[in-house]
Amino acid sequence: MSLVRDVVMSASVALGNAASRERDRDMETVHDDGRPKALGERARQRWNAMVGEGFGKLVVSQTAHLGAKELAKRLSNETAKRVFREIGKRPIVAASAALLAFDVARDGVRLARGTIDGREFAERVGGNGVGLVGAAGGAWVGSMVGTLAMPVVGSMVGSVIGGVIGGIGGDTYGRAKVRNVMGNDIDDQDDDQDDDQDIDQDDVDDE
């Protein structure tokens, strides 16, 4: 039963992660020759992309703990071996870590190519991290609530729904917090510049 629970919870985290990152998907709205794509074509393109990414992340979520166990065997550093050994014992933690690494790497490539800037990269990383925590928490709560309504089936359905809601909510909250922090930093810099200008103006007036 524990194995089934771990499988469902890991899958729910993956689905929550995929749903929360859907807002970042870049979709082509025109053909190579400049003709706009029909609404149905764009919808089909988005659906295929969602299914493909969702399936890929499901696979990652179910195999991440196996990769962690294999790394624990191959690494020579004892501290790293212990870390990956413990991660391998916790499929949900392994799935979250693998999904976070995957998305951060992909956004890192976008940053290097110039398709997103540093601020957007920070927002995505912050949202992704909090979103994965939210997805895990939502999956757990949803599983508990679903079990009360209908054992087994209700637990699975509740876990998936909770994972998606928690993932989207956590991602939104994480991005908002990063924007708030970075916005405050910019405001503080502006205030410092204004103060410096005021001081300079006072010096001029005194002269």
(request) For the chain, with all protein chains present and a 1.4 Å probe, just round the carbon and sulfur fraction of the accessible area to a whole percent. (result) 62 percent
(message) Students sometimes get this wrong: rank Arg110, Arg179 by accessible area, probe 1.4 Å, all chains present, largest first.
(response) Arg179, Arg110
(request) With a 1.4 Å probe and every protein chain left in place, tell me how much accessible area Leu3 has, in Å² to the nearest 10. (result) 130 Å²
(request) Measure nothing but the geometry: give the 0 to 90° angle between the long axis through the Cα atoms of 118-149 and the longest principal axis through the Cα atoms of the chain, rounded to 10°. (result) 40 degrees
(request) Any chance you could check the Cα centroid distance between segment 3-17 and segment 24-96 for me, in angstrom? (result) 13 Å
(message) Quick check: convex hull over the Cα atoms of segment 9-86, volume per residue in Å³, rounded to an integer?
(response) 127 Å³
(message) Test of the criteria: in segment 15-70, which trypsin sites (Lys or Arg not before Pro) are in a DSSP loop and have at most 14 other Cβ atoms within 10 angstrom of their Cβ?
(response) Arg25
(request) With a 1.4 Å probe and all protein chains in place, put Phe102, Phe84, Phe55 in order of accessible area, largest first. (result) Phe55, Phe102, Phe84
(request) Kindly identify segment 5-164 as rounded, prolate or oblate by the Cα gyration tensor criterion: order the square roots of the eigenvalues as a ≥ b ≥ c, call it rounded if a/c is under 1.5, otherwise compare a/b with b/c, prolate if a/b is larger, else oblate. (result) oblate
(request) Pairs of Cα atoms under 8 Å, at least six residues apart: use those to get the relative contact order of segment 29-165, whole percent. (result) 14 percent
(request) Report the normalised scattering of segment 80-170 as log10 I(q)/I(0) at q = 0.22, 0.23, 0.25 Å⁻¹, calculated by the Debye formula with identical scatterers on the alpha carbons. (result) -1.00, -1.03, -1.09
(request) Pull out the extension gain between Asp26 and Leu3, defined as 0.36 nm times the separation in residues minus the alpha carbon to alpha carbon distance; nm, one decimal. (result) 4.7 nm
(request) Please calculate how many Å² of accessible area segment 44-99 carries per residue, with a 1.4 Å probe and no DNA, RNA or ligand atoms counted. (result) 63 Å²
(request) With everything on Cα atoms, drop me the angle between helix 153-206 and the longest principal axis of the chain, reported from 0 to 90° to the nearest 10. (result) 10 degrees
(message) Could you put Ile168, Ile116, Ile161, Ile92 in order of accessible surface area, largest first, with the 1.4 Å probe and the full protein assembly present?
(response) Ile161, Ile168, Ile92, Ile116
(message) Within 12 Å, Cβ to Cβ, of Leu75, how many net charges do the neighbouring residues add up to if Lys/Arg are +1 and Asp/Glu are -1?
(response) +4
(request) Grab the other residues whose beta carbon is less than 15 angstrom from that of Ala43, score K and R as +1, D and E as -1, and report the net. (result) +2
(request) Assign unit charges at the C-beta atoms only (+1 for Lys and Arg, -1 for Asp and Glu), then state the dipole size of segment 1-57 relative to its Cα centre in Debye, rounded to the nearest 20. (result) 200 debye
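The values are calculated or read from the model by the stated rules, or taken from the named source; none is laboratory data. All values derive from a computational prediction rather than experimental measurement. With ideal geometry, Cβ positions are generated from the backbone for all residues, glycine too; neighbour counts draw on all protein chains shown. Side chains are part of the model used for accessible areas, which takes the heavy atoms of the whole protein and leaves out ligands, DNA and RNA. Shrake-Rupley method; radii C 1.70, N 1.55, O 1.52, S 1.80 Å.
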